[in-house]
Amino acid sequence: MAMAAPLVLHLLLALLLGLGGQSRAEPERDSLREELVLTPLPSGDVSATFQFRTRWDSELQREGVSHYRLFPKVLGQLISKYSVQELHLSLTQGFWRTRFWGQPFLQAPAGAELWVWFQNSVADVDKSWKELSNILSGIFCASLNFIDSTNTVTPTASFKPLGLANGTNHHFLRYAVLPREVVCTENLTPWKKLLPCSSKAGLSVLLKAERLFHTSYHSQAVHIRPVCRDAHCVSVSWELRQTLTVVFDAYTTGQGKKDWSLFRMFSRTITEACPLASQSYVYVDISRNGQENESLEVSPPPTSTYQAVILGDRKTYAVYDLLNLATFSGSRSLNLQLKWRQLQDIGSQLVPFLHAQRYVSGYGLQKGELSTVLHNTHPYRAFPVLLLETVPWYLRLYVHTLAITTKGKENKPSYIHYQPAQDRLRPHLLEMLIQLPANSVTKVSIQFERALLKWTEYTPDPNHGFYVSPSVLSALVPNLVGAKPANWEESPLFSTMFPTSDSSSYFVRLYTEPLLVNLPTPDFSMPYNVICLTCTVVAVCYGSFYNLLTRTFHLEEPKRSRLVRWLANIIRRIRGVPPV
Amino acid sequence: MGRVDLAVIFYGTSTYAWGTRVQDRCVKAAEVTQDIVLGLSARTLACHLLRLGCFTTPLHALFWCSQDCLPDEVASQRLQPKDASCSLPPPGCLLELPSPMECIGHGGEQWPESDGAEEEEKEAELIGVWPASVCSEFKGRPLMAAGSPDQGHHRTILKVPPFPRPDSGYAQGGLTTGCASKSPGSLSRCLAYLTSFPSPSVWQDQAEQLFKSGHTNNWAVLVCTSRFWFNYRHVANTLSVYRSVKRLGIPDSHIVLMLADDMACNPRNPKPATVFSHKNMELNVYGDDVEVDYRSYEVTVENFLRVLTGRVPPSAPRSKRLLSDDRSNVLIYMTGHGGNGFLKFQDSEEITNVELADAFEQMWQKRRYHEMLFIIDTCQGASMYERFYSPNVMALASSQVGEDSLSHQPDLAIGVHLMDRYTFYVLEFLEEIHPASQANMNDLFQVCPKSLCVSTPGHRTDLFQRNPQNVLITDFFGSVRKVELTTETVSLKPDLSSMGYSHLKCHEDEELAEPLSYAAQLPVAQIIHQKPKPKEWHPPGGFILGLWALILMVFFKTYGIKHMKYVF
């Protein structure tokens, strides 16, 4: 009883406080951070990565959560209804050229990519997956409803959950890529509507379709995952991360100069932070690899700089805090500009330690070969790469031709998982863990045969070809400099995409190019031609034959008049021929 | 309470009732932040809520009206707020709730299964539909979130003029006749209906204006059936109609837009994310907030007919459904390459005029439209509507049978034509239309004379009940709701028992005992030693060895060593 009394009092107090308004009784349970990272790329392009993170200290999985503030209700309902543990969706146009642009914070394959971890409690994962992709297709105006068993795989070793997970049973994972998917304004519109500030205030005012799609690479993504609520990590918060990465070709549009400004890229400037955001930063990468610092100039001068080990290398960022009014001092708007003092030689760039390319070879329409070339440019360290290949069923792989060669010698993978395709049911799945020796090029090749489709299975434009989704490379790339484990909540968003475990290496996931394969395409007007031809043949041959068979022939006495016969007989008599 | 027929108040940050649809399965009392008051197809909404049992807790939803008073027991049991301090308008005028039996038999309405991810009501939709003054009040999530609970409840009540109930007979042909034809009981109700207003004549004028069209919501299905870059003009056609209907107030959730190819982000488009209707590039018909529901390979005859007839798979999202009812005016616009009696889809299949006519008949039988306007811009377009036989369909076509429909505006920059002639002039006409304009269908018939179009546009009105002269353009192209705004406020106190304090209470015990951790992204050792696939059961090696030993022992015991030579 003595225990119960304070509890009752406590409850009563809570209720009384709640009467005045719940926010006074309780601190906000959700927060928003927005961030823009501008990185001048070695090739002269500029990449801009927007990240909007909504964190919600709530149990979304429980039914009955209905009070939504910053977290979009659409996605919240989705998580609770389908018991989603983690959801990652990206829609991408273009290809991130790792060789020339360096490692991305987070790459995405061309087209649409969706991977979802379901909770252990889900009984029929495939059904949930199908329904979930259908609903996402409605939310994001994308053709995700084309995700079915023929393009879904369950990777056994790749795509480990990015968020908190106790035990990872890959049976609850589904992964699909639609390489054909076009990304345009209609996908951006619903994505922007999920943002708490929509596109009205804050960094999102820069998101104008006519600029964002006039780029070499455009990738927008939604990541939902559970994260630690605090340092003890005993309870879960939900994190929604909306990222958008674009690469502007500043070099060509700037008449050979690599200078850029926000206004030139987005045709807009930043005027304020999103009023709902608790943090709003713009970072500009001003680190120069081994060059003197005076080579570039950022204006307005930053109030502070941030130094950290990002993607294995020490980087320096100029930081602009949009919530700090001093950032906008002088002018109403922030138009960041970067000028190069001296022209940098494009050739002397640092090639990233890991990059890959993929191509299809062979001639004719029957056989071919898929090749993936993996480069490890690290001078002295080998590292493992997990390669995942998904090949549609209509390319029949010859598994015995699988060859992995490094420096002319066979490289035996330490783990291999192959799931053969079934016609019209499921694709091939090939996962391999390959050790890449230092400073080496590894080639993974496999031959295939093209299957014939039924004529209704061809797309309306079959001569365009059929896409093969890109290979996925997951790797632990060694760091150039040692990194200290940083506090997640305090470090910028771009550095906390993947959970880090050790300080000597960092995790990257790279995608190769999607492939376009021509399948033997029938002449679709052939049935009509055949019908016309057969009809003609039937009409001519069968018709005349039928005519012959059904007609009876008999001789008919010519009927002539008596006068004619008499005249003819006279003539015959004269000729000496018997009369008729 | 003047002329309020029905007002529904929902509490919630992001739960809305919109039109005849209820977003959430049952509006939870816990979601108290904002009220949205609207009144549309009262019966449908009430039926649905009743079926879901939403009237059991106070302050879920409030319906009230000034004309029909609720039977007392319903008023007291279901809708009266239990909280005495809640100052509500007198409870005498609450909506007549339909009995559950009535609901079952009610119309061809179908409530889609709540799919958990009901699309949130879009800001643009609100802006598109409500007058600008209302928009500033309901400006989507940011404002809502900014003005969250501690600022007190933000209340605005919209007074909604009475809408006809579908079966009351008011809808068609004026008021008095509708009343007179009914039974004495309903007549008296009608009288009450009339007398509750300050001046019947004033009201009658308004009512006549309001009921002239007889619809309560608008839907549009806009289809471009052509793939490939050289058919740029067909996409531009469809988008220009999309732009017009959106501008005139049909929200994106009520537009099903089908585009067979992507022109805006096509690599051949020199200005990505734009589709222009004119060479001078004034009007980007693609806009900055387009939502395409069916695109590229999804645009098939099958999907089109499924959308029309409502036979979509159960997991289809709301944006891909035509959720119209028997009070909906539906606009169907199609463009593509056609011939006498057919329209090609994606260069690989066709829909014939007979199939289309049958689909419309099915829609009519399933009460999926009230009136329909069909517009087609294709060669020999008139052949597509000549087989129609369902009532209340008006049809327009760009060309007669035997005529081609011609393109317009060749653009050297992109190398193809920008638009078709007929739609170009239709767009020019629609750009002049605003939500209050009185232009009627006869004006639309005159839009593109032969001198401009080269082809002869045709129209068919014999199936349509009303005189085209009385049919406003905005009856189909717009979604003009007669909404009146008052500044009268009602202060309601949140219901504490169901305010979602469960979070607070069970916050402590929610915590897990052991700390969670992030998964290693590339656990090399774990991957290498991953268990191989479980094989079918096999007896362990020791067991088999033992068995053989036993057999041998039994053998030697029986025959002894001397018989060994017979064995080998």
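Computed from backbone phi with θ = phi - 60° and the Karplus coefficients 6.51, -1.76 and 1.60, the 3J(HN,Hα) list for the stretch A:518-532 is 7, 9, x, 10, x, 7, 6, 8, 4, x, 5, 4, 4, 4, 4 Hz; x is used for glycine and proline. Once C-alpha pairs closer than 8 Å and six or more residues apart are averaged by separation and normalised to the residue number of chain A, the relative contact order reads 14 percent.
Each residue of the stretch B:271-276 was assigned a 3J(HN,Hα) from its phi angle through the Karplus expression (A = 6.51, B = -1.76, C = 1.60, θ = phi - 60°), giving 10, x, 6, 9, 9, 9 Hz with x at Gly and Pro. Using the 1.4 Å probe convention, the accessible area of chain A works out to 45 Å² per residue with neighbouring protein chains retained.
Loop-located chymotrypsin sites (Phe, Trp or Tyr not before Pro) in the stretch A:323-415 (DSSP state not H, G, I, E or B) with no more than 12 neighbouring Cβ atoms inside 10 Å: A:Tyr363, A:Tyr380.
Just how many % of Cα pairs in the stretch A:354-517 lie over 19 Å apart, if you round to the nearest whole percent? For the stretch A:354-517, the fraction of Cα-Cα distances above 19 Å is 61 percent.
List the residues of the stretch A:135-171 for which accessible area in the full set of protein chains is at least 40 Å² lower than for the chain on its own; 1.4 Å probe, protein heavy atoms only. Checking the loss per residue gives A:Ile135, A:Gly138, A:Cys141, A:Phe146, A:Lys160, A:Leu164, A:Asn166. With R₀ fixed at 25 Å, the C-beta to C-beta distance from A:Leu480 to A:Gln357 puts the FRET efficiency at about 0.60. Surface composition of chain A: carbon and sulfur atoms hold 57% of the protein heavy-atom accessible area at a 1.4 Å probe. With every protein chain in place and a 1.4 angstrom probe, the accessible-area ranking of A:Thr534, A:Thr512, largest first, reads A:Thr534, A:Thr512. Only protein heavy atoms count here; on that basis, with a 1.4 Å probe, B:Leu472 has an accessible area of about 30 Å².
The alpha-carbon positions of the stretch A:321-431 define a convex hull whose volume is 305 Å³ per residue. In the stretch B:303-337, burial by the other protein chains removes 10 Å² or more of 1.4 Å probe accessible surface, compared with the chain on its own, from B:Ser315, B:Pro317, B:Ser319, B:Lys320. In this view, the solvent-accessible surface of A:Cys532, computed with a 1.4 Å probe and all protein chains in place, comes to about 80 Å². Sites listed here are trypsin sites (Lys or Arg not before Pro) in the stretch A:508-580 whose DSSP assignment is loop and whose Cβ has at most 11 other Cβ atoms within 10 Å: A:Arg551, A:Lys559.
Ranked by the mean number of other Cβ atoms within 10 Å of their residues, highest first, the peptides A:117-124, A:483-490 come out as A:117-124, A:483-490. Charge tally around A:Ser440: other residues with Cβ under 15 Å, Lys/Arg +1 each, Asp/Glu -1 each, net +4.
When only alpha carbons are used to place a centre, the stretch A:372-429 and the stretch A:105-154 end up 24 Å from one another.
For A:Arg264, the shell of other residues with beta-carbons less than 15 Å away shows a net charge of +2, using +1 for Lys and Arg and -1 for Asp and Glu.
B:Gly341 sits among other residues whose Cβ lies under 13 Å from its own Cβ, and their net charge, with Lys and Arg +1 and Asp and Glu -1, is -1. Considering only A:Ala142, A:Leu516, A:Gln93, and ranking their Cα positions along the charge dipole of chain A that arises from unit charges at the beta-carbon of Lys, Arg, Asp and Glu, the one farthest toward the positive end is A:Leu516. Between A:Tyr306 and A:Asn335, the simple spin-label model (points 7 angstrom out along Cα→Cβ) gives 2.6 nm.
Need one number: nm distance between label points at A:Glu557 and A:Asp126, each 7 Å from Cα along Cα→Cβ, rounded to one decimal. With each label point 7 Å from Cα toward Cβ, the separation is 8.5 nm.
Rounded to whole numbers, the Karplus 3J(HN,Hα) couplings from phi for the stretch A:505-515 are 9, 10, 8, 10, 10, 10, 10, 8, 5, x, 10 Hz, using 6.51 cos²θ - 1.76 cosθ + 1.60 with θ = phi - 60°, and x at Gly and Pro. Ignoring ligands, DNA and RNA, how much accessible area is buried between chains B and A, both sides summed, with a 1.4 Å probe, to the nearest 100 Å²? Roughly 7500 Å² of accessible surface disappears when B and A pair.
The values are calculated or read from the model by the stated rules, or taken from the named source; none is laboratory data. All figures in this text were calculated on a predicted structure; none of them were measured in a lab. Because the Cβ atoms are built from the backbone with ideal geometry, glycine has one as well, and the counts that use them run over all protein chains shown. In case anyone asks, the SASA skips ligands and DNA or RNA and just uses the protein heavy atoms, side chains included. Shrake-Rupley method; radii C 1.70, N 1.55, O 1.52, S 1.80 Å.
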